[in-house]
Amino acid sequence: MRCRDRRDAGSVQCGAVTVLALAAITLAAAAPDPTASMSTRQLAGQHVVIGFTGTTAPSSLRSRIHRGELGGVILFGANISSRSQVKRLTRSLQSARPKGAPPLLVTIDQEGGQVKRLSGAPALSAAGMGARNSATYARHQGAATARNLRGVGVNVNLAPVLDVARPGAIMERQQRSFSRSAKRVTRIGGAFARGLTASNVASTGKHFPGLGAARKNEDLTLNRIKASLKTLRAKDERPYSAQPGALDLVMLSTALYPALGGGPALFSRRVVNGELRGHAGFKGVTITDALDAPALKRYGSLGRRGVLATRGGVDLLLYGDSGGSAVGSVVKAVRSGSVKKAALRSSVRRTLELRAALR
């Protein structure tokens, strides 16, 4: 991560997450590798973000956190009854950490519009912000959203959506896209992301390399995006390649992209390392879309899907439920040699650097 270029404000500044992240990286370079003393099960657990049932933290979940076997959680509407309850919940989760551990990633989908778990900011959907076409307004909405989330202990927003809409596609119908224009998505979506990070909430661009042409719900249907590589790079990937420093995390899509190979993007090393890290220049943390989505059933058990994404190079495995045997499956894959332990350590180090920046 690096200083955010706030072109809309006419100056270059460093957001709070970036400043702290740089400090964390500097310290990490001088300190022993924080993953060196971790067991294989802890490494696999730190690689996973899960959901859970209820408005209080289950004892089994707190135990996983205390053992150092979980990287983060995701909150949904069913986990929320009031702001005070969410604050108590997130405090309970963070208090379960081993002594000295960086904050747990507490993630939520707070895009605005139809996808919004908490009341309050943002005031508009992505489409509404795009229609205003003001980077200043979008940045202020990002900052207001960060304050809203930080107020209840959430430190990662799974937003902004950086999908460049096509006429009649689902992201446009649901008002989840900022625009049909790649230039506007880049400018307005990037400003919203910078507003988040400046107020110490990590931003997540999604869904790489782009769901703007998808016709159906990405969780329910395995969309096939038939765009050429030239179109993907010029249009869909532009919001990422034009401003890699604006995002702390990037979420990989469930869709199929024939121009980039056969399988879903979140299982593809060519997409993760070739397009996102190579072509787009992204240096931060990568995360899957929900691996327990019905769209991915054909790819086997939850654990197998986790192994496929790990082999594809993704840093964090996201499950809307408990993740089932995901951790055990990754452990077995490491022991069999189908997942390289060194690569898993690198992923965990990246997430630990991000977490340290979110204190």
request  = Could you check Thr136 against (1) buried (at least 24 other Cβ atoms within 10 Å of the Cβ); (2) part of a helix (DSSP H, G or I); (3) touching an Asp or Glu at 6+ places or on another chain (Cβ under 8 Å) and say which number it fails?
outcome  = (1)
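Condition check ((1) surrounded by fewer than 24 Cβ atoms within 10 Å (Cβ to Cβ); (2) more than 17 Å from Gln110 (Cα to Cα); (3) more than 19 Å from the chain's Cα centre (by Cα)) across all residues:
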position: Ala143; (1), (2), (3): yes, no, no
position: Asn157; (1), (2), (3): no, no, no
position: Ala182; (1), (2), (3): yes, yes, yes
position: Leu196; (1), (2), (3): no, no, no
Count of residues meeting criterion [among the hydroxyl-bearing types (Ser, Thr, Tyr), closer than 17 Å to Val285 by Cβ and surrounded by fewer than 22 Cβ atoms within 10 Å (Cβ to Cβ)] in segment 320-359 = 1
query = Hey, among the residues in segment 294-303 that are in contact with a helix residue (DSSP H, G or I) (Cβ under 9 Å, 6 or more places away or on another chain) and over 14 Å from Gly263 (Cα atoms), which one's surrounded by the fewest Cβ atoms within 10 Å (Cβ to Cβ)?
reply = Ser301
query = Any chance segment 213-234 includes a residue that's under 22 Å from Ala357 (Cβ atoms) and surrounded by fewer than 20 Cβ atoms within 10 Å (Cβ to Cβ)?
reply = no
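Determine which member of the set Ser347, Ser325 is under 27 Å from Phe76 (Cβ atoms) and in contact with a Gly (Cβ under 7 Å, 6 or more places away or on another chain).
On the way: Ser347 fails: in contact with a Gly (Cβ under 7 Å, 6 or more places away or on another chain).
Only one candidate qualifies: Ser325.
Would you say Val314 is at pLDDT 95 or above, of a type outside the set (Asp, Glu), assigned to a loop (DSSP other than H, G, I, E, B) and under 22 Å from Leu158 (Cα atoms)?
Details: at pLDDT 95 or above: yes; of a type outside the set (Asp, Glu): yes; assigned to a loop (DSSP other than H, G, I, E, B): yes; under 22 Å from Leu158 (Cα atoms): yes.
Against the criterion (at pLDDT 95 or above, of a type outside the set (Asp, Glu), assigned to a loop (DSSP other than H, G, I, E, B) and under 22 Å from Leu158 (Cα atoms)), Val314 qualifies.
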inquiry  = I need a count of the residues in segment 317-332 that are over 18 Å from the mean Cα position of the chain (by Cα) and either assigned to a loop (DSSP other than H, G, I, E, B) or modelled with pLDDT under 95 (or both).
reply    = 2
Criterion violated by Arg311 - all others in (1) surrounded by fewer than 20 Cβ atoms within 10 Å (Cβ to Cβ); (2) within 22 Å of Lys216 (Cβ to Cβ); (3) in contact (Cβ under 8 Å) with a residue 24 or more places away in the chain satisfied = (2)
inquiry  = Condition first: surrounded by 23 or more Cβ atoms within 10 Å (Cβ to Cβ), assigned to a helix (DSSP H, G or I), small (Gly, Ala, Ser) and modelled with pLDDT of 95 or more. Can you find one or more residues in segment 112-128 that meet it?
reply    = yes
remark   = A careful count of residues in segment 147-158 that are assigned to a helix (DSSP H, G or I) and closer than 17 Å to Val115 by Cβ gives 2
Selection within segment 256-280 - crowded, with 24+ Cβ neighbours inside 10 Å, part of a loop (DSSP other than H, G, I, E, B) and among the small types (Gly, Ala, Ser) = Ser268
ask   = Quick one: in segment 238-255, which of the residues that are farther than 22 Å from Asp219 by Cβ and more than 15 Å from the chain's Cα centre (by Cα) is surrounded by the most Cβ atoms within 10 Å (Cβ to Cβ)?
value = Gln243
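The values are calculated or read from the model by the stated rules, or taken from the named source; none is laboratory data. In this text, all values refer to a predicted model and were calculated from it rather than measured experimentally. Glycine gets a Cβ as well: all are built from the backbone with ideal geometry, and neighbour counts include every protein chain shown.
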